[in-house]
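Student: Dropping a structure here in structure tokens format, bear with me for questions.
The values are calculated or read from the model by the stated rules, or taken from the named source; none is laboratory data. Note that the coordinates shown come from a computational prediction; the quantities given were computed from them, not determined experimentally. Cβ: placed from backbone, ideal geometry, glycine included. Neighbour counts: every protein chain shown. Areas reflect the complete protein model, heavy atoms only, side chains present, ligands, DNA and RNA absent. Shrake-Rupley method; radii C 1.70, N 1.55, O 1.52, S 1.80 Å.
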Amino acid sequence: MAAQTGLLPPQSITAQINHGLSLWLVEKRGSRQADPSQNSDLLEPLLGVVDPNKFVLAATSTDLSGAQVGRNVASIANSSAVDRFVPKTDTLTNRLADRRSGGYGRVGYDAWASMLRRARYSNPEALVRSADTALDYALARPNDPAGGVVAAAFPVVHARLKKNSLPEIPFNVITAVFLLPIVLFSEWDRAKAARHGIVDMFIRSKWDPVELLRAGVDAGIPRKILGYLVSKPGGPAYFRLIEQGVERYPTPIRSDLIEALKEFRSDDSRHWSTDT
């Protein structure tokens, strides 16, 4: 009977992993799960014992579809063993970025963003090594649900710009549009140009509007982000989309987002034409 396509690579790839893992993958190969929670349940027993680096390589193989890879990333991010994989966030990011076709689905992109955010607190070195590549990749995909990845990577890049140190990102067309104006300005103006750039990208994209606020909150600049947003044509309408969507945002960060909106609305002294 011919082998069926499954969640993880065929034997040519899994043979690179230890013998025990290969046997497990062969046994489970017949189950292609469309439900990410079922996919997580399937892989959960393995994630606590497998070598994280080898698993990341197998789970992001080019032999798999983008949707399959997205579900595998979600399995990692939602696993009780996720902390074992956080130090490999940069490897995961590089593997995902190397697959230029994308197509990871909302669940996959959100899981990628979750890994970046976990690294921020438990393995910041991995986040620093990942942020440039992740932001570059996501900025090039305004029609994919990649807003969470943009929001997760942006605070690191913004912090670098404030320190007058440009991120080392390959200058493809999308990145050049976003960063080229920044090169021409002073240290203070570079960070400002980045803030304006991310707002402009969100307005033109299909990304979840709430992720723009999340980017601002995580970067410590929600008022600057929202101030520039409402000064733009169509900005007030986009602001209302953020307000409508924030109630559906996952906890516990939801309360921080709601508070940021309240503070912005209650600040009667703000002038949207001032430094944003």
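Student: I need the full set of residues from segment 133-145 which are outside any loop (DSSP other than H, G, I, E, B) and surrounded by 21 or more Cβ atoms within 10 Å (Cβ to Cβ), in order please.
Tutor: Quick first cut of segment 133-145, residues outside any loop (DSSP other than H, G, I, E, B) only: 133-139.
Matches in segment 133-145: Ala134, Leu135, Asp136, Tyr137, Ala138, Leu139.
Student: So, of the residues in segment 191-207 that are part of a helix (DSSP H, G or I) and hydrophobic (A, V, I, L, M, F, W, C), which turns out to be most open to solvent (accessible area, probe 1.4 Å)? Can you show your working first?
Tutor: At the first step, the residues of segment 191-207 found to be part of a helix (DSSP H, G or I) are 191-204.
Imposing the further condition that a residue be hydrophobic (A, V, I, L, M, F, W, C) reduces the set to 191, 193-194, 198-199, 201-203.
On the way: Ala191: 5, Ala193: 21, Ala194: 1, Ile198: 2, Val199: 0, Met201: 22, Phe202: 0, Ile203: 54 Å².
Per the stated criteria, the residue is Ile203.
Student: Scan segment 94-120 residue by residue and report those that are open to solvent by less than 60 Å² (accessible area, probe 1.4 Å), of a type outside the set (D, E, K, R) and not in a helix (DSSP H, G or I).
Tutor: Of the residues in segment 94-120, the ones open to solvent by less than 60 Å² (accessible area, probe 1.4 Å) are 96-97, 99, 102-105, 107-117, 119.
Cutting the leftovers down to of a type outside the set (D, E, K, R) gives us 96-97, 102-105, 107-109, 111-116, 119.
Those that are open to solvent by less than 60 Å² (accessible area, probe 1.4 Å), of a type outside the set (D, E, K, R) and not in a helix (DSSP H, G or I): Gly102, Gly103, Tyr104.
Student: How many residues, within segment 236-253, are within 19 Å of Arg204 (Cβ to Cβ), of a type in the set (A, V, I, L, M) and in contact with a Leu (Cβ under 8 Å, 6 or more places away or on another chain)? Break it down into steps so the answer makes sense when it comes.
Tutor: Initially, segment 236-253 is screened for residues within 19 Å of Arg204 (Cβ to Cβ), giving 236-242, 245.
From what's left, of a type in the set (A, V, I, L, M): 237, 241-242.
Then drop every residue that is not in contact with a Leu (Cβ under 8 Å, 6 or more places away or on another chain), which leaves 242.
So the count comes out to 1.
Student: Next question. Could you say whether any residue in segment 68-82 is free of Cβ contacts under 8 Å to residues at least 12 places away in the same chain, over 16 Å from Asp144 (Cβ atoms) and not in a helix (DSSP H, G or I)?
Tutor: Step one: of segment 68-82, the residues free of Cβ contacts under 8 Å to residues at least 12 places away in the same chain are none.
No; the residues of segment 68-82 include none that is free of Cβ contacts under 8 Å to residues at least 12 places away in the same chain, over 16 Å from Asp144 (Cβ atoms) and not in a helix (DSSP H, G or I).
Student: Additional query: One residue is enough: does segment 156-171 have a residue meeting the conditions within 30 Å of Ser266 (Cβ to Cβ) and at pLDDT 95 or above? If you could, list the steps in order and put the result at the bottom.
Tutor: The first filter runs over segment 156-171 and keeps only residues within 30 Å of Ser266 (Cβ to Cβ), leaving 156-159, 161-162.
Still in the list and also at pLDDT 95 or above: none.
Checked against the condition, which is being within 30 Å of Ser266 (Cβ to Cβ) and at pLDDT 95 or above, segment 156-171 yields no hits at all.
Student: Tally the residues that are within 11 Å of Asp200 (Cα to Cα) and in a helix (DSSP H, G or I), restricting the search to segment 220-235.
Tutor: The number of residues fulfilling the criteria is 4.
Student: Let me ask something additional. Can you tell me which residue is farthest from the chain's Cα centre (by Cα) among those in segment 257-269 that are modelled with pLDDT of 95 or more and open to solvent by less than 80 Å² (accessible area, probe 1.4 Å)?
Tutor: Phe264
Conditions tested, residue by residue: (1) in contact (Cβ under 8 Å) with a residue 40 or more places away in the chain; (2) among the small types (Gly, Ala, Ser); (3) over 25 Å from Leu212 (Cβ atoms).
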residue	(1), (2), (3)
Arg95	no, no, yes
Asp98	no, no, yes
Gly103	yes, yes, no
Val107	yes, no, no
Asp110	no, no, no
Leu116	no, no, no
Ala119	no, yes, no
Val128	no, no, no
Ala131	no, yes, no
